[in-house]
1. Looking at A29, A25, which one is touching a Phe, Trp or Tyr at 6+ places or on another chain (Cβ under 9 Å) and of a type in the set (G, A, S)?
2. Kindly provide the set of residues from region 254-289 that are basic (K, R), touching an Asp or Glu at 6+ places or on another chain (Cβ under 9 Å) and part of a helix (DSSP H, G or I), ordered by number.
3. So is M56 at pLDDT below 95 and farther than 24 Å from I171 by Cβ or not?
4. When the residues of region 254-285 are filtered to those that are closer than 23 Å to G19 by Cβ and aliphatic (A, V, I, L, M), which remaining residue is surrounded by the most Cβ atoms within 10 Å (Cβ to Cβ)?
5. Can you run down the residue pairs with Cβ atoms below 9 Å, 6 or more apart or on separate chains, where the first is in region 36-65 and at positive phi and the partner is part of a loop (DSSP other than H, G, I, E, B)?
6. Could you identify the single residue in D173, D244, D224 that is closer than 19 Å to P157 by Cβ, of a type outside the set (S, T, N, Q) and within 19 Å of the chain's Cα centre (by Cα)?
7. State the number of residues belonging to region 131-181 that are at negative phi, in contact with a Phe, Trp or Tyr (Cβ under 9 Å, 6 or more places away or on another chain) and of a type in the set (G, A, S).
Amino acid sequence: MSILVIGATGTIGSLITQGLASAGAEVKALVRQTGKREFPAGVTEVVADLTDVASMRVALASVRTLFLLNAVTPDEVTQALITLNLAREVGIERVVYLSVIHADTFTNVPHFTGKYTVERMIESFDMPATVLRPAYFMQNDRMVQQAIQNHSVYPMPIGAAGVSMIDARDIADVAVAELLRRDKAPAALDRVTLELVGPQALTGASVASIWSTALGREVAYGGDDVAAFEGQLAAYGPTWLAYDMRLMMAGIQKFGMRSAEKTVKQIQALIGHPLRTYEDFVREAVSEA
């Protein structure tokens, strides 16, 4: 029996696949077609589509443990609920699901409420699962790094309420630890929910200051205009996604994405090393540019 990673070709999923393989686990990576990404030695590609029930039944048939990460798409909820129902159908009792922090608070944000719907299914069926609720990924800012360096402006309108950004590598480390814990257990384990946050609450101004230090010149915060942010995203991608991201940023400005200090200590104890700071992330990003 093996661990199936759904979302294996993305930022988080590829890190999880690598971590599991390095730990000696038997890993299967779900792909829609073979050969699009190079996986570590020993990882088996499984071809299936989350909306194709027949292929998913085959993919899940010989799996003991499941990692589920759904991309933000219009049918994200359908994909997730079908997958979890099929997992129950074949008797999978070891699940790690990647949700999002404050999924129950950002109620008007489509992909937040979608993930909360999936959480409700997991809870209502008392599925033996770990629900991971990460805050904003530091790696999201890779998408705007060129703009920061070319124009000396940090354009993400995260406001001043405080966002405890977390490095994707730390998210992956937690997921690997939980997948291995569940996979190696002699029986199904109790359901748990873990909030995943970074070690510091950041604001638009403090993030701009960190980039200023790393680049050796002043970087300004672009401000809180979420309508302008939506317009910029819509010029390069789907308008539904741009609007979803606008609503998320408005929620971040209102509620923030902070967590208690004990949460940071809990995560560090679980992964066995300090959480990466945003300064670490920026220095690394600048050195690689």
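1. Residue meeting the stated conditions: A29.
2. none
3. no
4. The selected residue is I267.
5. Every condition considered, the pairs that remain are G42/G24; G42/A25; G42/E26.
6. D244
7. 5
Residues are listed down the side, and each one gets a yes or a no for (1) at pLDDT below 95; (2) in a helix (DSSP H, G or I); (3) surrounded by fewer than 19 Cβ atoms within 10 Å (Cβ to Cβ):
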position: S209; (1), (2), (3): no, yes, yes
position: E218; (1), (2), (3): no, no, yes
position: E230; (1), (2), (3): no, yes, no
position: Y236; (1), (2), (3): yes, no, yes
position: M245; (1), (2), (3): no, yes, no
position: I252; (1), (2), (3): no, yes, no
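The values are calculated or read from the model by the stated rules, or taken from the named source; none is laboratory data. This is a predicted model, so every value here is computed, not measured. All Cβ positions, glycine included, derive from the backbone under ideal geometry; neighbour counts span all protein chains shown.
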